[in-house]
Amino acid sequence: MNRAGRFAPSPTGPLHLGSLRTALVAWLAARSQGGRFLLRFEDLDPRRSRSEYEAIQISDLRALGIDWDAAPVRQSQRSALYARAVERLRAEGRVYPCFCSRAEIREAASAPHGELPEGAYPGTCATLAPAQAWRRAEVGERHALRLRAEGEHVVWRDRLLGERRGSVDDFVLVRSDGVFAYQLAVVVDDAAQGIGEVVRGADLADSTARQILLQRLLALPTPGYAHVPLVLGPLGQRLAKRDGGATLASRGEPPGVTLAWLAHSLGLAQDAECVASASALVANFDLDRIPGHSVKLC
């Protein structure tokens with residue numbers, strides 16, 4: 001297996017402890033196998049991505065001792081790669097324009113649709129005559145581009161979550177504002193960067209079926225997947241960047257103290273045990289042995 005790993009945050013704010021914990025696990029997983037580690041900024045959304053947040057994220061990762069082996073990659077600079085992937089799928093009849101408004105999508109998604117996951121797009125525009133639909137798109141009618149998934153079912157084994165399965169809806173490849181969607185970009189980038197194992201937060205596990213289907217349709221390799229349980233807020237809520245005490249800066253403590261908390265939460269150190277550096281954790285790290293449950297931030 002290609003042992004390259006990666007961490008791919010969106011530069012929309014400082015990293016909270018859940019993201020830093022996932023970054024640490026991804027870094028340890030790669031380094032413990034002698035693999036390369038890469039940093040990629042998923043900055044496709046121009047309205048929310050900021051260079052100042054990117055700088056803060058880089059600083060926080062370095063403060064914890066996490067390094068990478070090549071200059072960071074930015075998705076905003078890789079549009080040509082994504083466009084070629086969309087054209088390939090379109091040539092194979094797997095792409096169609098979708099003219100649904102957000103309200104129409106919400107209404108359609110609220111209806112029952114058999115085996116599709118809750119909120120999945122039911123394929124409303126998939127039944128339009130292709131020639132007519134593409135003419136509407138070409139004359140400038142606002143539209144997104146969706147994958148014609150044909151109700152495919154995907155089964156895979158997650159290294160931390162076990163066997164997983166999911167039916168794939170006709171998800172968006174290109175948004176109506178022309179921005180390439182996360183699902184497409186992450187598949188193209190992971191293949192282009194030679195990622196052998198994707199280690200990321202458990203909140204992204206439901207995206208995996210879509211991404212594996214895309215990999216198959218684009219004849220790209222499928223990496224291994226390991227979804228790390230989340231860090232929750234004091235009230236048990238999913239942690240967000242806005243939560244007090246959730247970022248490295250807001251904790252007001254030396255980075256080494258935060259590193260020790262992260263290590264303890266992963267079963268890599270005793271409570272309050274000093275951790276000299278992230279590199280000190282590599283030798284005894286085993287991804288298969290990290291806790292399979294979420295942890296709560298006190």
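The values are calculated or read from the model by the stated rules, or taken from the named source; none is laboratory data. Small disclaimer: the values here were computed from a predicted structure and weren't measured. Positions of Cβ are generated from backbone atoms using ideal geometry, with glycine treated the same way; all protein chains shown enter the neighbour counts.
Scan segment 230-252 and give yes if some residue there is in the same structural domain as SER59 (by TED's automatic domain parsing), surrounded by fewer than 16 Cβ atoms within 10 Å (Cβ to Cβ) and acidic (Asp, Glu), otherwise no.
Checked segment 230-252: no residue is in the same structural domain as SER59 (by TED's automatic domain parsing), surrounded by fewer than 16 Cβ atoms within 10 Å (Cβ to Cβ) and acidic (Asp, Glu).
Among ALA209, ALA219, which is the only one that is in a loop (DSSP other than H, G, I, E, B) and modelled with pLDDT of 90 or more? Let's see the steps before the verdict.
Values: ALA209 fails: in a loop (DSSP other than H, G, I, E, B).
The match here is ALA219.
Contact list please: Cβ distance under 7 Å, first residue in segment 208-227 and over 23 Å from LEU24 (Cβ atoms), second residue surrounded by fewer than 18 Cβ atoms within 10 Å (Cβ to Cβ) and basic (Lys, Arg), pairs at least six apart or on different chains.
LEU218/ARG88
Only one residue in ALA202, ALA278 is under 20 Å from the mean Cα position of the chain (by Cα) and in contact (Cβ under 8 Å) with a residue 24 or more places away in the chain, so which one is that? Give the derivation first.
Details: ALA278 fails: under 20 Å from the mean Cα position of the chain (by Cα).
The conditions single out ALA202.
Out of the residues in segment 141-174 meeting the condition of being in a strand (DSSP E or B) and of a type in the set (Gly, Ala, Ser), tell me which one is farthest from ALA209 (Cα to Cα).
Step one: of segment 141-174, the residues in a strand (DSSP E or B) are 144-147, 153-158, 162-167, 172-174.
Next cut, of a type in the set (Gly, Ala, Ser) only: 144, 162, 166-167.
On the way: ALA144: 21, GLY162: 14, GLY166: 6, SER167: 7 Å.
If we take residues in segment 141-174 being in a strand (DSSP E or B) and of a type in the set (Gly, Ala, Ser), then ALA144 is farthest from ALA209 (Cα to Cα).
Could you count how many residues in segment 3-15 are surrounded by fewer than 24 Cβ atoms within 10 Å (Cβ to Cβ) and part of a strand (DSSP E or B)?
Result for segment 3-15: 1.
Just checking, which of PHE37, PHE41, PHE7 is in contact with a strand residue (DSSP E or B) (Cβ under 8 Å, 6 or more places away or on another chain) and under 17 Å from LEU281 (Cα atoms)?
On inspection, the qualifying residue turns out to be PHE37.
Going through ASP271, ASP243 one at a time, which residue ends up being under 26 Å from ALA205 (Cα atoms) and modelled with pLDDT under 85?
Values: ASP271 fails: under 26 Å from ALA205 (Cα atoms).
Going through ASP271, ASP243 in turn, just one is under 26 Å from ALA205 (Cα atoms) and modelled with pLDDT under 85: ASP243.
Can you say whether LEU235 is among the aliphatic types (A, V, I, L, M) and outside any loop (DSSP other than H, G, I, E, B), as far as the supplied structure shows?
no
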